Structures are given as C-alpha cells and as structure tokens.
1. Could you tell me, in Å, what Rg and Dmax come out for the Cα atoms of region 14-87?
2. Greater than 29 Å separation of Cα atoms is the criterion. Which listed pairs, LYS206/LYS238; LYS62/LYS206; LYS62/LYS238; LYS206/LYS337; LYS4/LYS254, meet it?
3. List the aspartates and glutamates whose Cα sits under 13 Å from the Cα of LYS140, skipping any in the same chain fewer than 8 residues away.
4. Report, in deg cm²/dmol and to the nearest 500, the calculated mean residue ellipticity at 222 nm for the chain, where each DSSP H run with n ≥ 4 adds -39500 (n - 2.57) and the sum is divided by the residue count.
5. Tell me the relative contact order for the chain as a rounded percent, counting alpha carbon contacts under 8 Å between residues six or more apart.
6. Which of the aspartates and glutamates could be linked to LYS232 by a straight reach, that is with a Cα gap under 17 Å, when you skip same-chain ones fewer than 8 residues away?
7. Using the per-residue mean of other Cβ atoms lying within 10 Å as a proxy for protection, in what order, highest first, do the peptides 188-200, 390-402 fall?
8. Taking the Cα centre as origin and putting +1 on Lys and Arg beta-carbons and -1 on Asp and Glu beta-carbons, what dipole magnitude results for the chain, to the nearest 20 debye?
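Throughout, read-outs are computed from the coordinates displayed, never taken from laboratory work. On a predicted model such as this, the values are computed, not experimentally measured, just so you know. Note that each Cβ is placed from the backbone with ideal geometry, even for glycine, and that neighbours are counted across all protein chains shown.
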Amino acid sequence: MTEKTYIKGKDSDLETSIATMQAKLKSFGFDIEEASWLNPVSNVYSVHIRDKSCPLMFTNGKGSSEKSCLASALGEYFERLSCNYFFADFYLGEQHSASDFVHYPNERWFDGSGDAMPAGLMDESLWAHFDPDNELSPSKLFDINSGTGERGICAVPYQRLRDNKAVYIPINVIANIFVSNGMSAGNTKNEARVQGLSEVFERYVKNRIIAEGICLPDVPEDVLNRYPSIMKAVQELKDHGYKLKIADASLGGKYPVMSVTLINPKDGSVFASFGAHPSFEVAFERTVTELLQGRGLDQLDVFHPATFDLEEVASPANLEMHFIDSSGYISNDFFKKTPDYDFHDWDHDNNTDDEFDYLSQLIHDLGFDIYISDYEHLNVYACRILVPGMSDIYPVDELLWENNNEGA
C-alpha cells in the first residue's frame, strides 16, 4: 500500500502533492533538481530547488520532514510561475511585448498619454491609498516587462472579496508595492488562500512589533510541551549554545502569529523569526523552520545585536531587510522584562474553508479590503492576494520616487 502522509493545513497527502507538481513541471519542459538540502536539527529541513538549464529559476522550501519541505519548495515554484514572479524584473522583449497579451489574457491596457488617470483603472479608495496627494501621473504607471509605456498602462483584474467587484490594478503598482507578498499555491483554493493570508498577517504583525519595539510575552512551558517534535528542534538549538525566546505574537490574542528569537551569546546578535497560521501548532512550526531555512547551525552569526535606536529600527530600509532575509535591526525594547501584552493561549485550527473565513473576517474587521486574483492555467491552483495598507512591503511614495521603471 502506498504511503500517504497528511499534515495540518494541507488538503492532500504530501506524496500526491509532490508527484503531481513534479509531473506537471516535467510536462512543461522543466528539469528540476534538488540542489541542496539542510537538516541542521531534528524535524527541521530546508531545500533549494532549481531548473537545471536556468538556475536563476529557483525556490526554497522548509518543513518538519523531507516530504513537507519538498512540497513547500514545489508549491513556491508554481506560485512564482503562476504569478509570473520569476520574470518580474525583466523586459520580456519586443516580440512578447507586442503579442496579444503580455502578462495574462484578461489584462486591460489603459491610455497613459494624458495628464489624468484613465477611467476604469482602480477606484477612489485605491487611488486614495496609492496616490494620497494626487502626485502620480499616468506615465509613472507603465510596467517594465512590456517596454517603456508604448502600449499604455497594463492592469489586471482582482476580485474584491467584500463585494466580489472586479477592480483593475496596474502591474506597476503590484510589482513596486507588494512584490511577492501574498502569493500562494495549494492543493485547493482555500488551502492556498489561507497560506497567502497567513503570510500577509506574518509580515504585517512582524513589522508592527519590530517598528514599535513591542515586548512579547513568553509562551509557558506547559503550552510548549504540547508540541514535542518542535521542542526537540528547539532543545537541539539550545544544546548548540543559542538562547531562544519563544513568544506569543498574537498581540493579546488578536492575530494568529508566533515568534521565536535566537540570541547568539558569542556576539550578542539577535534574529527574530515569525510565523502565522490559524493553527497555533502550524504557526509555531513555521516559525522554527523559517529560523533555519537555508542556514546551518554555524551560519547564524550574520545578524546584529539589539539597538536602542528605535528610529533606525522603524525605518523602511530596516523593515525591508527584515522582509528580504530577517537581517535587520531589532530594538532592545523587544527584550524588556515586562511584556506589553499578556500571553493568550490561542488556536483557530479548523478545515481550510473555515480558516479562510476566519482570516478574511479578521482583515475586514481591521478595516482593510482583500483583493484576490486566481490563477489556474498551470492546472495547480495559485493566487495573489493584495491587502492595500496591510500587505504593502514598500511605502506607496516609492511609486513616485523609487519606481522600478525609472530609467527604463
């Protein structure tokens, strides 16, 4: 009998997921190799996969087993293929730029030659967020993939979850402000959407905690001991000489987020990892696997000691470093004796349909809107989720001052 391994948060067994994705990639002409594996402590794996003929098309996976780790990397490969993210920084050439569509068959091109923004592009609430002072001109919104704006402004439709209204959002805005945040692929629609929204929460809460120097409450030992396989990895890290602060990042039970901070006694450097998911166990596991993704036990000495300069910590440049590889600065306030919030023993573990409802309702309650674009053209469900004001990675003024089409 063929082995079938099921893990929390996934709607199919790992063996089927892996075989399906590998077969589809092969049918598309990809030759995927597992270039490097790491297993620095028990139950923590990471893998780097890439196409043999184009190693720049790579993804990384993490997980508590080899299978979950490989499924993670393959899922990310489909996520990036489906969302065209592998090619986001490149001009795609004259021939492709002149074809029926550049990005997706349902894209629309808007006139970018005038001074006023063309009708039908975004809506009032989105313009108020992305261009609050009415400083943007249409010429700022062409995407670099299709040239220098010869065809105008390319935009793709996103469904606003609250009212199911289709809204056209420029490729340029998506690429400049959200980069890869909120992209996901999965066995089912809601599995992928839960993953995408969890990522949004992880980065939103992480940025707030770091920027505001919030001190988080430790998770009590009796709660940690419910998860022996995760704690085995934690203990091995401690045995290697590292100090760990395992904290509840839910900010009073509000958000499904966990935090694990590694402190290196040799040089006083600190590295904070965050993970989010409606299931406490999944969030905790992700936080630990993220801590060691792509890193051996002796490669944890590239981080900074904590600092008293909260202005530096809260700067967009520092938060950008935390987004890229978590190598930014952390405030000393993060390590205060008295936490700013009490510990909450939260857990919203459920089926993926209910988890999606929980996460989306939480975002709506915060006053944000959710925009989703579904991609199923590769026969694996993928999506890109934008939550303006919450999932932004870069400040909106980058559209004006640091647009990626400058000099194109």
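1. In Å, with Rg to one decimal and Dmax whole: 11.9, 36.
2. Pairs exceeding 29 Å: LYS4/LYS254.
3. Partners within reach: ASP111, ASP115, ASP131, GLU150, ASP397, GLU398, GLU402, GLU406.
4. -9000 deg cm²/dmol
5. Working: 788 pairs, mean separation 81.3, N = 408.
Relative contact order comes out at 20 percent.
6. Candidates past the 8-residue exclusion: GLU66, GLU221, ASP222, GLU281, GLU285, GLU290.
7. On the way: 188-200: 23.9, 390-402: 17.0.
My ranking of the peptides, most packed first, is 188-200, 390-402.
8. 920 debye
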